Every structure is written in C-alpha cells, then in structure tokens.
Amino acid sequence: MQIKLEMEKQQAKQRIEKLRNEINYHRYVYHVLDKLEISDAALDSLKNELEKLERQYPEFITFDSPTQRVGGVPLEKFQKVQHSTPMMSLFDAFSQQDMKDWEKRLEKILNGIQPPLTPLIKGENSTPLTPLIKGENSTPLTPLIKGGGFYVELKMDGLAVALIYKQGKFVLGATRGDGETGEDVTQNLKTIEAIPLVLRRPEKNELIKIGLTDESIKKLYQALENGTIEARGEAIIPNKVFADLNKQYKKQGKPLLANPRNAVAGSIRQLDSKIAAERKLDCYIYSMVSLLIKGVGGIFQTHEQEHELANLLGFKVLKQNKYCPDLEEAIKFHNYWEKRRGKILFDCDGVVVVVNKLNLWEKLGVVGKGPRYIMAYKFAAEQATTIVEDVVWQIGRTGVLTPTAHLKPVKVYGVTISRATLHNLDEIRRLGLKIGDTVIIERAGDVIPKVVKVLTGLRQGKEKEIDPWEKCPNCGHIVVKKINEVAYRCVNKNCYAINLRNLIHWAGKNAMDIDGLGPKIIEQLMNQGLVKDVSDFYQLTVGDLKPLERFADKSAENLVAAIAAKKQVDLAKFIYSLGIRHVGEESALALAKHFGSLEKIKDASLDKINSIYDFGEIMAKSAFEWFHDKNNLQLLAKLAAAGVKIKNLQLTAKSVKLTEKIFVLTGSLGKLTRDQAKAKIRELGGDISSSVSKNTSYVVAGAEPGSKFDKAKKLGVKIINEEEFLKLIV
C-alpha cells in the first residue's frame, strides 16, 4: 500500500512539473510572442488541474508556480526598497526644434565642448550654449550620434517598476518611489501574467543573432545561474480593460477609476493582491539595468539589444519600438504615432528617443533629474480649457437634434478647435454645463472634440441654462422624445434639414457615389426647387443646371451624365443609400443576401427580418417600418419610374469555398483594401460581421488591430494574419 502511495505521489509530482512547464510555455507564447496556440478555456483547464494537484500535494508547490501569482494573505504595509541605481525621470521636448537643439547639445558634448551649465529643454534648468563666433578658428562637429542612431520607443503612461531576479527567479518587485527608494510590491506584480516568475534561458544561437559576443553570453548565463538580473519597465492597464472595469464598477455601485495611470498606481499599491489581480494589468520592459552596470560587466553595445534580450528572457517589449539611424527618422516615428495614438491599446503621451550606443551614455552623463542621452518627445496636448460661447442644435438626416458647443477658439492636439459635440441633453445634464462655462475639451487623434469637464469654480453668475428645443430649429415642427431614447427628434417628413442630409447621404461615396454631386450643389438644387427627394436627381437636365452658379455647358453635361451612370445599382448599395435608420452597409448587405430582391424585403414580416444573422430587434424594427411607410413606398416607385434599376448579380457567390464561414476584419491590410477583402469573402460564399462572437469563424488581423483582436483571443476565435487570409481565398 505504501509503495502504491509513493508511486502515485511521484506521478503527481511529475504531472505537476509538466503542467507548470506547459502553462509557463503558453504564458510566454501568448504574452511575449503574441500568439495563441490554445484557447483561454483550455489554459484555464490546465491551471485548474494544477491547482487541484497542488492542493492535494502542497509539498510540491514552488514559489514560481502559476497558481502562486495571487497571494492569499493581504499585507499590512509595504516595505521600503533601496534601488541599485536611481530610477531617473526624463526631460521633455515638445517640438521638432526642441529635438534638434537637444541633438546639437549632445554632439557638442561628445566633441569635447564644455556642456552647458543648464540644458535648453524645459526641466534642465540651464543657460544656452554660446555659439561659435563667425570666423573663429574651429573645426566642424563630428556627428557621433548619427553614426549609432537612436532607439525610439512609445512612451507608456503607467507606473515604472523594477523587477529583481536571483538565479533567474523573480524575488522582488518595487515601485519607482522617489527614484532612490521605492516600495516592495512583489506580491501585486506577481499577479501580472506578462511578468515571468522564472526567466527563460535563451539558446546561444538566439543571443548570437542579436549581436552578443561569446564573452557576453558567458556573463549572461552566469547571471542567470548564480547572479542577479534587474529589469525595469512600465506597468500599464490596457484602455479596453480600463473601460470594462469602469462599466463593471458602475453596475456594482463602486467608485469609478479616474484614469488609466491612476488605476495602475492604485492597483499596484493595493495591500490585497486579489484586488490587483482583478485589474488585469500588463507590463513592458525597456531596460535590463543590472546587465549595464560595471558590477556585472555590461554585455550590450546598444540599447536596442537590451530590448531584444528582454524579449528572449521572457519579458514583453513593445513591438512598435524601432531603431532610427538619425533624428529625422525618430521625428517621423513620433509623427506617425501621434496621428495614430487613438489606435494604441494603452495610454501613450509621446515617444522616448534614446541614444542607441551605450558607450556614449557615460560621456553624455546625467544632469539634474535625468540622463542627457534620453529625451521624451511629447505628443501635442489632447486637452485644453476654453469657454462655451453658445450651444447650437443641429439636425441630422434621421431627424435627431444634436447639441454642438460653439467655443472660444483654442488649439488642441495641434488643431484650432471652435466646435465640440455635446451628444444629447442627457450628456449636458451629466456635465452640468451652462453657456458661458469654462470647460476642458479633449481631442484624441481624428476624433471629434468633446467637452469632458466643466470647471464650475470659474463661474461668474452670468452663465445660462441650456434647454431642449420644443420646436425644430429648421422647420418649426414639434420636437418629440420617445420613451427609452435620449434623443430629441423632429418628426416632420418634409423638414428641410432632414431632406438635405438624406439627399447628401444618397449621393455620398459609400452610397450611390455620384461624382460631382456634393453638399453645396445639392443645397443649391434644393433652394432652387429642382430637387425635393432623391428621385428628382434623375429628372435633372442640362437646361435645369446651366442657369445655376458654378455651372456651364460642360459641367452641367458632366453632372447629368454622372447621375445617369449610377442608375444601375446593387441591391445592397441601394438599401444603404436609402438612409434607413440603424441600417449600415453590412446590415444592408445582410438584407440583400437574405431576401434577394426589393419586393421580397417589402413583403417580409418583422419576424423574418429579425431572424437575419447579426440583426437586432431595433435594427429589424427600423427596416420593417421603413418598407411599410406609405411615403417611402411612393419614393421607391418614383425611383423605378425615373429609371433606377436594381441588380443582384454581385450577391451570388461564385464559389462555396467559404460557405457558412463568418469573418471579422480588424486592423489595416497591406495588399488588399478593406472593401476588396470583403468582396472576395462574399464572392466565395462567406459572411462578414462587424463584431466578434462565438459564431465567428475567423478574425483577420492586419496592422494595428483593435479591440476585436482582444475579444477574439478571449473567446478563442481563430485569428489569422493577412498572409494566411490570402492563402485562404486563393
């Protein structure tokens, strides 16, 4: 009996070790290599098995087991930690000229010219260098930095952390604190899956590939086996996780997290690691500091190698970071990501430009609070304060009245802003906004500016309340607010503003795409009484257009010809062009594919429309009501009489290769446009959805994928890149 128990125990030990190795492998593949080899559900199953075995055989639990990421007993307080070397702050630059001035100062220092007592960039408390006097006997500066270039990184807005490993095992994690002394937050940092509990031992050929010498490799292996390795990086909270947590907290009646940066700091400084664990933090490494200092005998030649080695050791590093041979390329990198900052999955307020050659760092040195060889090149401000001078209600093509704030012009994110959306009256009430208020406005990337906060402390008592319109500001018709809706709406079918926007939508690029029929032309046609609805476009003659402003014989002929050229249209595009509320391009296609003809759609019951895949009740009801409205049916008849012909040829798949396969596209494709990819999927019998669900067959991930990518990983949906997608559609 005893022998049997010993055998079972030995088998359990072996199973525990294999489970631990397997789970750690998939952690590395998922968090570091950004690949998904097994589903989250399968990984959870492995973890559950490991947890049960460790509960049964606690003597086999090791500190680095995946089950030990969340400590069981909350701490009473954090212990202080003295940093091996200071965790320094960075100086900031705000313009290209700032960056060029910084480079010039560095070149002068490297060429033996006395550095300034104080640097030029804000935060470097200094006086500018004295320029060389014209005619002075001097030699030109040698561009030492350009020879080694810069390594440029996205600047993460989170919490700086130091991670200490002894003999390759994670033993201590600390916050930055005051730079000299931080707090021991090991227990909370262990909850972050991206932080390895045991460092990976890279193969020699991997290390040679990143440029390490035999001597450097030997030192690294010694540090892994018997020494100390310290990595430094940034703990962050992904934007989507932050948003989801606040939704959850709102439902639970808990205080909301103020912003991602505060959320990270608050999470890591929780005495109970279980609270930190629920925040689902992430961590990226940017320095292997212990392998730089003389005590270990530095093994790198460049800062880029630090990132490459961190990745090989099992840490996450930002894949967007890159080597730039000169400052011009570094500035291009900054400008590229500034335009795309809305696509970055975490808070990012600029880039960090680092002199790449490590042997230059000691020469450049440190001044004040930070190193000379690193500069944070900030993005343009996303927020600014200004005054709301008026609120104007605008009417859309569905009749919804939207309040727009007219602002005292202010520059935000490099653009002068004088308007900001207020969405609806509920949002105005939530903000407590009045005309005359001083407000904070925000603009992220190309997103429409919005008011995010009212500074009530700056009120002077002359501010005015904002009330909803009782009548349409355009036609004077009564405005209504339906139950369960936040919007106020003009229900007058003949409202000029609604009709104008419907006409503009019909002729727009994604709808009928009538060349030369822009908003100003359409408004002129309406004002002259030539067009009342979209069918009137097809009745226009050259004689109608010639007397109008900006029209001559040729331009009038061109527009009439352009309108005539679009008389034949696919059913899906026709439905979308009608501007039915809640029915976008994909839902218009779904209607077209499901019913095949306009007549069948008109005859369909609400239940039949509601049965279409990816159709919700609101969308189905809106489509049903539109095709059963007397005025809309008259419009369809007028379009037919005007010669508009609907064709269904493109709705028939040429192949059944992708039948019953549902695709979701995310990110930018390189070899195909989004429309080309969609057309190919439909041609092969596949379907396209705008959202990821358990029914999704494939998520096609291009460059800079969005939240759909994360959801696919969470649900275990198969994710393919563009190359795999192209092979699939051959």
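The values are calculated or read from the model by the stated rules, or taken from the named source; none is laboratory data. Computed from a prediction, not measured in an experiment: that's the story for all the values here. All Cβ positions, even for glycine, are placed from backbone atoms using ideal geometry, and neighbour counts span all protein chains on display.
For the stretch 610-633, give me the residue count where each residue is modelled with pLDDT of 85 or more and either farther than 18 Å from Lys573 by Cα or in the same structural domain as Glu683 (by TED's automatic domain parsing) (or both).
6
All of (1) under 24 Å from Glu485 (Cβ atoms); (2) in contact with a helix residue (DSSP H, G or I) (Cβ under 9 Å, 6 or more places away or on another chain) hold for Ile618 with one exception: (2).
Considering the conditions (1) crowded, with 19+ Cβ neighbours inside 10 Å; (2) in a loop (DSSP other than H, G, I, E, B), Ala263 is excluded by exactly one of them, (2).
Could you check how many residues of the stretch 302-314 are over 20 Å from Leu197 (Cα atoms) and either assigned to a helix (DSSP H, G or I) or modelled with pLDDT under 80 (or both)? Outline the logic, then answer.
Keep residues of the stretch 302-314 that are over 20 Å from Leu197 (Cα atoms), which gives 302-305.
Narrowing the set further to residues that are either assigned to a helix (DSSP H, G or I) or modelled with pLDDT under 80 (or both) leaves 303-305.
Adding up the residues that qualify gives 3.
Scanning the stretch 670-708 for residues that are among the hydrophobic types (A, V, I, L, M, F, W, C) and in contact (Cβ under 8 Å) with a residue 60 or more places away in the chain yields one hit, Ile688. Among the residues of the stretch 662-676, those identified as touching a Leu at 6+ places or on another chain (Cβ under 9 Å) and not in a loop (DSSP other than H, G, I, E, B) are Arg674, Gln676. Within the stretch 145-152, identify whether any single residue is under 29 Å from Glu329 (Cβ atoms), touching a Cys at 6+ places or on another chain (Cβ under 9 Å) and either hydrophobic (A, V, I, L, M, F, W, C) or at pLDDT below 90 (or both), and answer yes or no. Yes - at least one qualifying residue is present in the stretch 145-152.
Tally the residues that are part of a strand (DSSP E or B) and either more than 20 Å from Gly342 (Cβ to Cβ) or modelled with pLDDT of 85 or more (or both), restricting the search to the stretch 677-726. First the steps, then the outcome.
Going residue by residue through the stretch 677-726, those that are part of a strand (DSSP E or B) are 687-688, 698-701, 703, 719-720.
Remaining after also requiring either more than 20 Å from Gly342 (Cβ to Cβ) or modelled with pLDDT of 85 or more (or both): 687-688, 698-701, 719-720.
Summing the residues that are part of a strand (DSSP E or B) and either more than 20 Å from Gly342 (Cβ to Cβ) or modelled with pLDDT of 85 or more (or both) in the stretch 677-726 gives 8.
Give me the residue from the stretch 175-221 that is basic (Lys, Arg) and farther than 23 Å from Cys283 by Cβ and, out of that set, surrounded by the fewest Cβ atoms within 10 Å (Cβ to Cβ). Break it down into steps so the answer makes sense when it comes.
Taking the stretch 175-221 first, the residues basic (Lys, Arg) are 176, 190, 200-201, 204, 209, 218-219.
Next, only the ones that are farther than 23 Å from Cys283 by Cβ stay: 204, 209, 218-219.
Numbers: Lys204: 14, Lys209: 12, Lys218: 14, Lys219: 18.
The qualifying residue surrounded by the fewest Cβ atoms within 10 Å (Cβ to Cβ) is Lys209.
Of all residues in the stretch 451-487, those that are at pLDDT below 85 and under 16 Å from Asp390 (Cα atoms) total 4. Please work out which one of (1) farther than 30 Å from Asn499 by Cα; (2) surrounded by 14 or more Cβ atoms within 10 Å (Cβ to Cβ) is the condition Val388 fails and give its number. Going through (1) farther than 30 Å from Asn499 by Cα; (2) surrounded by 14 or more Cβ atoms within 10 Å (Cβ to Cβ) one by one, Val388 breaks only (1). Taken together, Glu234, Glu278 contain a single residue that is on the phi < 0 side of the Ramachandran plot and modelled with pLDDT of 90 or more, which is Glu234.
Looking only at the stretch 651-672, residues that are loosely packed, with under 11 Cβ neighbours inside 10 Å and either acidic (Asp, Glu) or at pLDDT 80 or above (or both) come to 1 in all.
The residues listed here are Ile293, Ile285, Ile299; of these, the one that is over 26 Å from Tyr25 (Cα atoms) and at pLDDT 80 or above is Ile299.
When you look at Phe574, is it surrounded by 14 or more Cβ atoms within 10 Å (Cβ to Cβ) and either modelled with pLDDT under 90 or at positive phi (or both), yes or no?
Working: surrounded by 14 or more Cβ atoms within 10 Å (Cβ to Cβ): yes; either modelled with pLDDT under 90 or at positive phi (or both): no.
Judged against the criteria, Phe574 is not a match.
Each residue in the stretch 572-593 was checked for being part of a helix (DSSP H, G or I) and touching a helix residue (DSSP H, G or I) at 6+ places or on another chain (Cβ under 8 Å), and 13 of them qualify. The residue pairs whose first member lies in the stretch 173-191 and is in contact (Cβ under 8 Å) with a residue 60 or more places away in the chain and at negative phi, whose second member is among the hydroxyl-bearing types (Ser, Thr, Tyr) and part of a strand (DSSP E or B), and whose beta carbons are closer than 6 Å, counting only pairs six or more residues apart or on different chains, are Gly182/Thr175; Glu183/Thr175; Val185/Thr175.
Under the condition of being part of a strand (DSSP E or B) and modelled with pLDDT of 90 or more, which residue from the stretch 349-370 is farthest from the chain's Cα centre (by Cα)?
Within the stretch 349-370, the subset part of a strand (DSSP E or B) is 349-355, 357, 366-367, 370.
Right, trim to modelled with pLDDT of 90 or more and you get 350-355, 357.
Working: Gly350: 14, Val351: 16, Val352: 19, Val353: 22, Val354: 25, Val355: 28, Lys357: 32 Å.
Result: Lys357.
Just to be sure before I move on: is Ile563 under 30 Å from Arg674 (Cβ atoms), in contact (Cβ under 8 Å) with a residue 12 or more places away in the chain and either part of a helix (DSSP H, G or I) or among the acidic types (Asp, Glu) (or both) in the structure I sent?
Details: under 30 Å from Arg674 (Cβ atoms): yes; in contact (Cβ under 8 Å) with a residue 12 or more places away in the chain: yes; either part of a helix (DSSP H, G or I) or among the acidic types (Asp, Glu) (or both): yes.
So Ile563 fits the description; yes.
Taking the condition surrounded by fewer than 17 Cβ atoms within 10 Å (Cβ to Cβ) and within 21 Å of Ile646 (Cα to Cα), does Ala561 pass? Here the answer is yes, as Ala561 does meet what is asked.
If you take just the strands (runs of 3 or more DSSP E) that sit entirely in the stretch 419-533, which of them hold at least 1 residues that are more than 30 Å from Cys348 (Cβ to Cβ) and touching a residue at least 60 places away in the same chain (Cβ under 8 Å)? Walk me through how you get there before you give the answer.
On the way: elements: 438-442, 450-454, 488-490.
Passing ranges, in order: 488-490.
Could you please give the count of residues in the stretch 241-260 that are crowded, with 16+ Cβ neighbours inside 10 Å and in contact with a helix residue (DSSP H, G or I) (Cβ under 7 Å, 6 or more places away or on another chain)? Adding up the residues that qualify gives 3.
In this structure, does Lys247 turn out to be charged (D, E, K, R) and more than 20 Å from Asp64 (Cα to Cα)? Working first, answer last.
Details: charged (D, E, K, R): yes; more than 20 Å from Asp64 (Cα to Cα): yes.
So Lys247 fits the description; yes.
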